[in-house]
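K.L.:
Here's a structure for you.
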Amino acid sequence: MEISIIEKTYEVYKGVVDINNHLEKRWRYSLGHSLEESVLSLLDSLIMAKHAPKTFKTSYLLKSMSHLEISRLKLRLILEFKVVKNQTNVFKMQLHNEEIGKMLGGWIRSLEK
């Protein structure tokens, strides 16, 4: 399970980079860069959770959940500010984030048992 969530997050990062490459300069170095950093932080905390002892996994996963929520908000801002012409990729990244959220929730619940 952990591996698929990391792979999914990796795919999201690649999609976010593609979105960022199509943003205007004004947005690329502010909101776009910030979104990339949020997804990288999510990936970082997921990998830390994967390798952490069981007692520390939950704290890394909760941190991952907050990074995921922040990236969701930034994707929503990109849509609301209408800073991309083709919004299809943004919608795809939102769907991937929903899947990651479900996987993350399942991972957290499995540790609570």
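K.L.:
Being out of contact with any Gly (no Cβ under 6 Å at 6 or more places or on another chain) and surrounded by 18 or more Cβ atoms within 10 Å (Cβ to Cβ) is the requirement here; does Ile70 meet it? Even if it seems obvious, please write down each step before you answer.
P.N.:
Values: out of contact with any Gly (no Cβ under 6 Å at 6 or more places or on another chain): yes; surrounded by 18 or more Cβ atoms within 10 Å (Cβ to Cβ): no.
Answer is no for this residue.
K.L.:
Do you know which of the residues in region 41-64 that are surrounded by fewer than 16 Cβ atoms within 10 Å (Cβ to Cβ) and hydrophobic (A, V, I, L, M, F, W, C) is farthest from Tyr10 (Cα to Cα)?
P.N.:
Residue satisfying both the conditions and the ranking: Phe56.
K.L.:
Something else: Which residues, counting only those in region 82-103, are surrounded by 16 or more Cβ atoms within 10 Å (Cβ to Cβ) and outside any helix (DSSP H, G or I)?
P.N.:
Listed by number, the residues that qualify are Val83, Val84.
K.L.:
Mind listing just one residue for me: the one in region 1-48 that is more than 10 Å from the chain's Cα centre (by Cα), charged (D, E, K, R) and assigned to a helix (DSSP H, G or I) and, of those, nearest to Leu73 (Cα to Cα)?
P.N.:
The extreme case among them is Arg28.
K.L.:
Kindly list the number of the only condition in (1) without any contact (Cβ under 8 Å) to a residue 24 or more places away in the chain; (2) loosely packed, with under 13 Cβ neighbours inside 10 Å; (3) assigned to a helix (DSSP H, G or I) that fails for Gly106.
P.N.:
Exception for Gly106: condition (1).
The numbers here are math on the coordinates, done by the rules we state, and not lab data. Computed from a predicted structure; not experimentally measured. Every residue, glycine as well, gets a Cβ built from its backbone with ideal geometry; the counts of neighbours run over all protein chains shown.
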